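The values are calculated or read from the model by the stated rules, or taken from the named source; none is laboratory data. No experiment lies behind these values; they were computed from the predicted model shown. Reconstructed Cβ throughout: ideal geometry from the backbone, glycine too, with neighbour counts over all protein chains shown. Just the protein is used for accessible areas: all its heavy atoms, side chains included, with ligands, DNA and RNA removed. Shrake-Rupley method; radii C 1.70, N 1.55, O 1.52, S 1.80 Å.
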Amino acid sequence: MIKSSELILNPDGSVYHLNLRPEHIAHDIIFVGDQNRVEKITQFFDKIEFSTQKREFKTQTGTYKGKRITVMSTGIGPDNIDITMNELDALVNIDLKTRQPKEELTALNIVRIGTSGSLQEDIPVDSFVMGEFGLGLDNMLRSYLIDDISEKEMEKAFIKHTNWDLKKGTPYIIGCSKEMKDKFDSDLIHKGITGTAGGFYGPQGRVLRLQIQDPELNNKMDNFKFGDHRMANLEMETSAIYGLGKLLGHNCLSLNAIIANRANGTFSEDPYKAVDALIQYTLGKFAE
């Protein structure tokens, strides 16, 4: 039996951080970082059957063209993804009354919708990027046993290419769900490696008043290639979603609307329009 200190429940039986019970979620789930983006998606639903919020975790479940979908805000960063993925898995794969894992496990379908900056000149603003791989620079997933799911040769190549300082921990690379990639792919989508940083400023090469360990890291990442795969964009959640998804048996994919292009210094004239277009695209694919 899983101890109360390990799986914390609220007095109403809901999981501690997400404030959800099993009946509150669909098996098809959309992640967003910003809690205010949840309703930008659910405004297109036929109906909303459930809504709750605790801290940065806002959840709404309803139907879109007859398809039951949950939209959830995760907040920012791999640490929040650790909470979100583990508590979602508990809702479907642990009997919360007996505190025992279920014999028959459920695989959730999870798509993250985010905004990001492109690292390549030919991935323009207002386009969409699918992360075929998540490159984790954050160390969170190294708390788990990931040797059987990580792309070891690609990791070694990245460490060598960037002359990575292992005092910061060992980067990890996890592939997306092939099932979800096939379902959401189209000619509209650019593909590549999505980098996941553990912070917004120094970990992504931004300098305000503090100097950073490797001022050239962004340029080295921009130029990293492994076979047909290259860096496409940099954000703060994808690799954690991919890693925990694979470990727990869920199907995960990360899609980003590109609102800035770092290679040519451009920014979208209407980033909200780009995000809305990605929302409509994702909902349409889920409903097919």
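Taking every alpha-carbon pair in region 1-82 and binning the separations at 5 Å intervals from zero gives 3, 15, 24, 24, 17, 10, 4, 2, 0 percent. Taking Phe133, Phe267, Phe31 as the candidate residues, the one with maximal mean-square fluctuation in a Gaussian network model of the chain, Cα springs under 10 Å, is Phe267.
Summed over all non-identical Cα pairs, the Kirkwood treatment of region 186-257 gives a radius of 13.9 Å. Annotation for region 161-260: GluC sites (Glu not before Pro) lying in DSSP loop with at most 13 further Cβ atoms inside 10 Å of their Cβ are Glu216. Counting only DSSP H runs of at least 4 residues, each contributing -39500 (n - 2.57), and dividing by the residue count of the chain, the helix-based mean residue ellipticity at 222 nm comes to -7500 deg cm²/dmol.
The accessible surface of the chain, taken with every protein chain in place and a 1.4 Å probe, is 49 percent carbon and sulfur. Taken along its three principal axes, the alpha carbon spread of region 237-281 comes to 39, 26, 10 Å, from the longest extent down to the shortest. Highest GNM mean-square fluctuation among Arg37, Arg21, Arg55, for the chain modelled with Cα contacts below 10 Å: Arg55.
For region 72-121, the fraction of alpha-carbon pairs lying more than 15 Å apart is 59 percent, rounded to a whole number. In bins 10 Å wide, starting from 0, what share of all Cα pairs of region 112-191 does each bin hold, as a percent? Histogramming region 112-191 at 10 Å steps yields 15, 40, 35, 10, 0 percent.
Normalised by the number of residues in region 1-94, the mean separation of alpha-carbon contacts (under 8 Å, six or more apart) gives a relative contact order of 29 percent.
The charge dipole of region 2-118, taken about its Cα centre with unit charges on the Cβ of Lys, Arg, Asp and Glu (plus for the first two, minus for the last two), comes to roughly 280 debye. Farthest toward the dipole's positive end in region 156-288, which of Gly175, Gln213, Phe224, given Cβ charges of +1 (Lys, Arg) and -1 (Asp, Glu) about the Cα centre? The residue sitting most towards the positive pole is Gln213.
Both radii come from the Cα set of the chain: Rg as radius of gyration, Rh as Kirkwood radius; their ratio Rg/Rh reads 0.96. Taking Ile212, Ile174, Ile69 as the candidate residues, the one with maximal mean-square fluctuation in a Gaussian network model of the chain, Cα springs under 10 Å, is Ile212. Rg over Rh for region 139-288 works out to 0.96, both radii taken from alpha-carbon positions and Rh defined as the Kirkwood radius.
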